[in-house]
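Here's the structure, in structure tokens; my notes come after.
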Amino acid sequence: MTETQTLPLLPLRNAVIFPGATVPIVAGRPESLRAIERALEGDSLVFAVAQRDPDGDSSAENLFTFGTIARVEQLQRGPGGAQVLLHGQGRGIAVRVRPDGDHLGVLVRQLDDMAPVQPDDPSFVALYREVQDRANELSQKVGMPQGAVQQILSHVDDPGEFADLVAAYTDAPLRDRQDLLEVLSVEERLRRVLVLVQRQLEVLNAQADIQSKVQQELGDRQREIVLREQLRAIQEELGEGDGDAQLTELRQRLAELDLPEAARDEVDRELARLARMGRDSMEGQVVRNFLETIVELPWSERSEENIDLAEAGRILDEDHYGLADVKDRVLEFLAVRKLQTSAGDTAGTRGPILLFTGPPGVGKTSIAKSIARAMGREYVRVSLGGARDQADISGHRRTYVGAMPGRIINGMKQAGTKNPVFLLDEIDKLGVSFQGDPASALLEVLDPAQNDTFTDHYLGVPFDLSEVLFVATSNYIDSIPGPLRDRMEVVEFAGYTEAEKLSIAQRYLLPRQLEDNGVDNTQVTVSEDALAEVVRGYTREAGLRQLEREVGRLVRKAARRIASGEVSELAIDPDGVRELLGRPRVHPEQAAEHDMIGSATGMYYTPAGGDIMFVEALAMPGHGKLVLTGQLGDVMRESARAAWSYARAHARALRIPDGAFDNDLHVHVPAGAIPKDGPSAGVTMASAIVSVLADRPVRPDVAMTGEITLSGKVLPIGGVKEKILGGVRAGVREFLLPSKNGADLEDLPSDVRDQIEVHLVDELGDVLAHTLRDASFERGRLLFAGDDPSSVEPLTKQAG
């Protein structure tokens, strides 16, 4: 039977008393002291209940309903209140709270534990034992004497009392302890106690681990300090204590530098730190490396320039054949520089930033060396291919282990002067990763308005790059981000013509390979025809790298024969080239020899140079479908569909017979293993399609390029120079170009312009007039031999 009784109410702040536990508390509030005194006047029992808000008052609204009936075991008064020892008797619930004079009284109903249904159940027994084991482990962790623990536990054989006793010694939040007090089920109470004990054990284990690491680190540092002091004493005894001398030397070298104010302040601050540190301390080494980097940088050293435009032109011509536009741009810069120097601007002005772009092997990298030699400046090259970390450009902060400056500052250290020619090679090969975008870091480096205060993260102070002549190289300009490309002046390198390659091979490549392979021009001679055979049959590139490799292979084959005693000297002609190098490895496209229906000659351009290609069309029985093959890209497929639609719309004007479009049309571009795309094959596809549908042959000696529209307009394209040079190599001498590309013909070498005939066209009718045999284009009509113009429907229809 549950009993009720009226007891003085003792509110508790941040405390919960569990049955069976003896807990000391401090009572200082007058109502609390009066409640304790009232209890001592009777049976010494109070109802101890926690406050919901520890900082609030002790009103009934701020008290939990569940509490503990406790006995006042001991009272010790003091100036600020009283020390009270309470022993929990049992759980209770407040039925009614009312004022009782100067304290609160409460009608309490005592609550009994809800024992398990089956105390001998294995799962309950296992739970009970687990709580006992964990409680024992916790007592060891907190340092409780094992004898006292065992004595306490020996007097407790009831699972509910055991759970309350363990809960009293756990370090849990007030809300968790109050919730545990309100649990009447013994099994549930054991489960919750187990969770609290396990949580506290994990916290204690983590604290012990942290403390162990800290103690170990402190011990290692203390040991290192002692050992270093002993080492310093030993070195002084042996006369090897030169640490002060090294610091004095470093201080003197830094004092001699002409540093900006910000850099001087940072150096002085780091020098003071270094003087306070141990010479061999880890942090001291970091500071010393930083200061030595400062010493090695060219803060005021410049290369003395003696600009002679005639000599500069001679150097550029000596090192490189052709490249007239590039040489002109370099000489323009030198001329401006010379005038500025003459006007007294000895400090120099902001240098231009040049971007050399073009196919591999055309001399982009090597001409930067010639620029440095012509200007009398130091030359430094930094390869950016594959760089994916922003720190590669702007350096690592000194707080990182193994920090170092970026490639720009390292390059300046290597140059030794503040006005070198600085080559940023393969700038289009920069990558992007989670470590940042190096291209974005280059924005500051390559901006003349900002790079006079370039700040490397490792240095942490501005460094002047404004006098550096930056030269960047790339193969694919479209791979360079727009903001970065906008900061550079683009100088395009086109591929070499066959005649230029032949001249370069005679003047530069062959003499170099003869020297490298230990023979001279009296022992090995290579005729001009032989070199031309190497160019045509063994290389296919816009540049010269493969050509130099093949010339070197040719010379080595000859050197082997001379060294083995087979011959004393060797003259190589075209037949000798095939004997030494084997069969030709390159089979370039050649212009067709005969008229063909459905086959037209186009032109294309890649970074390796230009060439011709063939577009073939074939009509076959079917259902009027258009089939496209040859690994064509989306743009090229659209060009074919546009040509197909144009032919269907103008069938009568093109003399395409009725029923032709009932057949399937197959358009194929050979070299099917190579992906192809771009709009410039539009006119070629249109010529092939109209040819096969109208059954008219296409001239094989005409190559064409241009984009077409549905209305038959011919739009301009790019790569004109490379395409025409490729066509000339293939034996074509007559070309069709969009009218708006007429100005691009000025880029062709004069010897090439003299041997070709170019027709500029605006619409597809004019294209067909030049490509289809015996055709002409008059007053908007496509005419064939024997046609009456008045009976032919015009291709071009005028409005109204």
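The values are calculated or read from the model by the stated rules, or taken from the named source; none is laboratory data. Only a predicted model underlies this, so the values are computations on that prediction, with no experimental measurement involved. All Cβ positions, glycine included, derive from the backbone under ideal geometry; neighbour counts span all protein chains shown. Only protein heavy atoms, including side chains, enter the accessible area calculation; ligands, DNA and RNA are left aside. Shrake-Rupley method; radii C 1.70, N 1.55, O 1.52, S 1.80 Å.
What to note about this one:
- Considering V445, V401, the condition of being under 21 Å from the mean Cα position of the chain (by Cα), of a type in the set (V, I, T) and closer than 28 Å to R264 by Cβ is satisfied by V445 alone.
- Segments classed as helices (runs of 4 or more DSSP H), wholly inside region 128-197, with at least 3 members that are charged (D, E, K, R) and surrounded by fewer than 19 Cβ atoms within 10 Å (Cβ to Cβ): 174-181
- Being at pLDDT below 80 and closer than 24 Å to G28 by Cα is a property that P99 lacks.
- Condition check for A558 on (1) buried (at least 19 other Cβ atoms within 10 Å of the Cβ); (2) more than 42 Å from the chain's Cα centre (by Cα); (3) under 27 Å from Q590 (Cα atoms): one failure, at (3).
- Residues in region 1-39 that are open to solvent by 20 Å² or more (accessible area, probe 1.4 Å), within 30 Å of F162 (Cβ to Cβ) and not in a loop (DSSP other than H, G, I, E, B): T4, Q5, T22, V23, P24, I25, V26.
- Selection of region 552-584 for residues being of a type outside the set (A, V, I, L, M) and part of a loop (DSSP other than H, G, I, E, B) yields S564, G565, E566, S568, E569, D573, G582, R583, P584.
- With respect to the conditions (1) modelled with pLDDT of 90 or more; (2) surrounded by 19 or more Cβ atoms within 10 Å (Cβ to Cβ); (3) touching an Asp or Glu at 6+ places or on another chain (Cβ under 9 Å); (4) of a type outside the set (S, T, Y), E548 falls short on a single one, namely (3).
- Residue match in region 53-65 (condition: among the aromatic types (F, W, Y), in contact with an Asp or Glu (Cβ under 6 Å, 6 or more places away or on another chain) and touching a residue at least 12 places away in the same chain (Cβ under 8 Å)): no
- Residue, farthest from R29 (Cα to Cα), within region 68-81, restricted to residues that are free of Cβ contacts under 8 Å to residues at least 40 places away in the same chain and surrounded by 15 or more Cβ atoms within 10 Å (Cβ to Cβ): R71
- From T601, T522, residue being loosely packed, with under 15 Cβ neighbours inside 10 Å and either in a loop (DSSP other than H, G, I, E, B) or modelled with pLDDT of 90 or more (or both): T522
- Looking only at region 615-641, and only at residues there that are of a type in the set (A, V, I, L, M, F, W, C) and surrounded by fewer than 21 Cβ atoms within 10 Å (Cβ to Cβ), the one that is farthest from L764 (Cα to Cα): M620
- Residues being over 48 Å from the mean Cα position of the chain (by Cα) and among the polar types (S, T, N, Q) - total across region 512-552: 5
- Matching residues, region 41-65, being part of a loop (DSSP other than H, G, I, E, B) and aromatic (F, W, Y): F64
- Selection within region 652-676 - in a loop (DSSP other than H, G, I, E, B), in contact (Cβ under 8 Å) with a residue 40 or more places away in the chain and not hydrophobic (A, V, I, L, M, F, W, C): R652, R655, N663, P670, G672, P675
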